[in-house]
Amino acid sequence: MALEIVMPKLGLTMTEGTITAWLKPDGSEVKKGEPLLEVATDKITNKVEAPGDGILKTLVPEGSTVPVAGRIGYLLAAGESLPAEGAGAAPPAAEEKAVGSAATVPAAPTAVTEAAGAGGGPVKASPAAKRLAREKGVDLSLVPGTGPEGRITEKDVEAYAAQKAVPAETPAAPPAAEEPPVRATPTAVRLAQELGVDLAKLAGGKRITKEDVLAAVLAESEPAEKRVPLAGMRRVIARRMKESWSVAPHVTINMEVDMSRAKQIRAELNATATPEEKVSFNDLVIKAAARALTEFPLINATITETEIIYHPEVHLGVAVALADGLIVPVVRRADKKDIRTVAREVKDLAERARSGQLKPDEAAGSTFTVTNLGMYGVDHFTPIINQPESAILGVGCIKERPVVVNGVIEVRPVMTLSLSFDHRLVDGSVAAEFLGRVRELLENPYGLRPELA
């Protein structure tokens, strides 16, 4: 029985999804649990598994947006036809050629006619001749008779049938007109042979020169422009970045952080940690930001046209780079979790985001975001606010730099933090105090002891 494939509901707020790719070709055999298609919502792109075994029949092409529970395809058993309710949604099948089928079907034997002979009277033929004429589909009125009084005999029918079976000679096709020779200079001919250029493709009525050959080689070596539709996750990212940059006046401030003690406490934490609980520098930044957000509620807020919304919880978004985009899974109540729990959650969310297994609700509802480009060697940058939040924290790389400590120059591991904030809601002084507090917590991480335990 045909198994219906519908647009899945991948999150509580999802109402429709866009099919960005069918991962199996139409008509292929699939097994239950195999990745079947990719669906993009306004938050994430996720892979959807086959709900059962069968032969895939897609009803909706890639790039189509379908409401939740809308029919998008079927899984059919071998030899099973598309259900009537699905046939209407399927692409129209190619029309069969009515003409031509008749030409391939052998014509039924022509009924033997005895209606009229050469003189308009009945045809005279022996019973054996009539039987043979019926078998061979011969019209007896056309067969000359050699028997008494022109009677058609069996031999007359055989002779007539044999004559008709000889194919007519096919007139010979006229000889093809000779193509005019390609006109080219000796240098062009030699150059074309060396570079593998077909001179016949360059012939345009004029004599081909070496410049023509070189131009052809240059044209073939130029890379072709590639264009792809703006769709799926990239379209969502483009829209959100434009909206955020348009609606919020961004201001970015930078601050250097001495990470000496952060490196020390990280080494202590990882000395006894399981692989899942290994703490990264980004985890330390997340914990420091989460603590600071509890002290600066304006940074953990949202501004609208008519009000300011102070969020009671710190839900911290962590930007994760994907092969074809970016996603921000959320560590909920990050301020109330210890560092090992945060490390485990960040690893789990990032891995599932990269494998397309993240649920839409796990990438929604953040109140502040941390984005890290330090692993790419970036010192500092200007992150764009993840709306409707009021600020975003960018993390740069850690580098050994000379630092003046108590009047003495020392080489210390230094990291730069970049805070972009919505200037409609957050003043520069508040942003600077918040960023300074994050720096203080990272330079004195033992102040985070309750969270680091």
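The values are calculated or read from the model by the stated rules, or taken from the named source; none is laboratory data. Values in this document were obtained by computation on a predicted structure and should not be read as measured data. Glycine gets a Cβ as well: all are built from the backbone with ideal geometry, and neighbour counts include every protein chain shown. These area figures cover heavy atoms from the full protein model, side chains too; ligands, DNA and RNA do not enter into them. Shrake-Rupley method; radii C 1.70, N 1.55, O 1.52, S 1.80 Å.
At-a-glance table
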| read-out | value |
| --- | --- |
| Positive-pole candidate from I385, T367, V157, dipole of the chain, charges at beta carbon | V157 |
| Student exercise, region 262-319 dipole from Lys, Arg, Asp, Glu Cβ charges, in Debye to nearest 20 | 340 debye |
| Sequence-distant residues sharing a close amide H with L322 (under 5 Å, placed H) | I327 |
| Rounded accessible area of R234 (nearest 10 Å², 1.4 Å probe) | 110 Å² |
| Base-10 log of normalised Debye intensity for region 341-453 (one unit scatterer per alpha-carbon) at q = 0.16, 0.20 Å⁻¹ | -1.01, -1.36 |
| Most to least packed among 186-196, 134-144 [average Cβ atoms within 10 Å] | 134-144, 186-196 |
| Cut-off under 5 Å, modelled amide H: who pairs with T20 long-range | E38, V39, A40, G63 |
| Calculated from backbone phi, Karplus (6.51, -1.76, 1.60) coupling profile of region 406-412 in Hz, x at Gly/Pro | 6, x, 10, 7, 10, 8, 10 |
| Within region 258-327, GluC sites (Glu not before Pro) in DSSP loop having at most 12 other beta-carbon neighbours inside 10 Å | E305, E307 |
| Antiparallel DSSP beta bridges within the chain, percent to nearest 5 | 85 percent |
| Fraction of beta bridges assigned by DSSP in region 330-420 that are antiparallel (%, nearest 5) | 75 percent |
| Solvent exposure, largest accessible area first (probe 1.4 Å, DNA, RNA and ligands not counted), of T146, T367 | T146, T367 |
| Nearest-10 value in Å² for the accessible area of R354, using the 1.4 Å probe | 150 Å² |
| Distance histogram for region 227-310 (every C-alpha pair counted, 5 angstrom bins, percent rounded to whole numbers) | 3, 9, 11, 14, 13, 14, 12, 12, 7, 2, 0 |
| Where K124, K155, K164 fall by accessible area, highest first, once all protein chains stay in place (1.4 Å) | K155, K164, K124 |
| Acute angle (nearest 10 degrees) that the helix 210-221 long axis makes with the longest principal axis of the chain, alpha-carbon atoms | 60 degrees |
| Dipole magnitude (debye, nearest 20) for the chain, charges at Cβ of Lys, Arg, Asp, Glu | 340 debye |
| Counted charge near I253, where neighbours are those whose Cβ lies closer than 14 Å (Asp, Glu -1; Lys, Arg +1) | -2 |
| The chain: angle of helix 232-247 to the longest principal axis, Cα-based, in degrees nearest 10 | 40 degrees |
| Ranked order, Y310, Y376 - accessible area, probe 1.4 Å, largest first | Y376, Y310 |
| Protection proxy ranking of 401-414, 214-227 - average other beta-carbon atoms within 10 Å, highest first | 401-414, 214-227 |
| Normalised contact order of region 329-453, rounded percent, pairs of Cα under 8 Å and 6 or more residues apart | 22 percent |
| Amide hydrogen neighbours beyond the local backbone of F368, cut-off 5 Å, H modeled | H315, G317 |
| Protein accessible area in the chain, 1.4 Å probe - carbon and sulfur % | 55 percent |
| The chain, relative contact order [Cα under 8 Å, separation at least 6], % | 13 percent |
| Residue-level accessible surface for M241, protein heavy atoms, 1.4 Å, Å² | 70 Å² |
| Average projected area [Cα convex hull, the chain], square nanometres | 45.3 nm² |
| Residue among P297, V408, Q193 farthest towards the positive dipole end of the chain, charges placed on Cβ | Q193 |
| Calculated over region 300-375: convex hull of Cα atoms, volume per residue (Å³) | 115 Å³ |
